[in-house]
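Note sheet for the following structure.
The numbers here are math on the coordinates, done by the rules we state, and not lab data. All of these numbers come straight from a predicted model, not from anything done at the bench. Every residue, glycine as well, gets a Cβ built from its backbone with ideal geometry; the counts of neighbours run over all protein chains shown.
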């Protein structure tokens, strides 16, 4: 009689079957719908707002946009906003008229605080590359703010205007860049009306602007 040991191998039968294609498709459809709804909700919450990329030095500085803490990318409505930036050892900074316009893509806010304490000065010395990069962001911000100003005041495309009799320029209130510019006319008294008419000939209504007359000085009178 064979008394050897036998090893038996037994496989438990399974009733699992591949998921039906319609189940997989349905799950994918629900996932896509959920994603679309999430994106739509996100856009709705930011509806009418403009993204602002914020860059500050030192990087640990606190940024308040209209008294609300922000960092990275902030979404704000077009118009004028107040920015406050502060950090220990650095001079605090306030920008009361930061212009935001929906026509500007990838708007930038760049603020570099002035070092005051020894620790802050050391930070500046050790992060020269960061400061150099910040200069680029600052240049971009300046260009964007200028573009908004030109959009708000199309007459700037024609100024300054100069001929042999008079000149037409402009001034901007740096504290209120969102306000209309002031046109400046330098001309003899008898030619001031001609200068005002020239504004109209340039395609703009003089009545839409505040005009400041500057006394004309004949450069040959003192010779």
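Within the stretch 150-158, can one find any residue that is under 30 Å from residue 56 (Cα atoms), out of contact with any helix residue (DSSP H, G or I) (no Cβ under 8 Å at 6 or more places or on another chain) and in a loop (DSSP other than H, G, I, E, B)?
Yes - at least one qualifying residue is present in the stretch 150-158.
I'd like the residue in the stretch 68-88 that is over 26 Å from residue 103 (Cβ atoms) and part of a loop (DSSP other than H, G, I, E, B) and, out of all such residues, is nearest to the chain's Cα centre (by Cα).
87
Taking the stretch 176-201 on its own, how many of its residues are without any contact (Cβ under 8 Å) to a residue 24 or more places away in the chain and over 27 Å from the mean Cα position of the chain (by Cα)?
Total satisfying the criteria: 6.
May I ask you to verify whether residue 123 is in contact with a helix residue (DSSP H, G or I) (Cβ under 7 Å, 6 or more places away or on another chain), in contact (Cβ under 8 Å) with a residue 24 or more places away in the chain and either under 10 Å from residue 57 (Cβ atoms) or part of a helix (DSSP H, G or I) (or both)?
So residue 123 does not fit the description; no.
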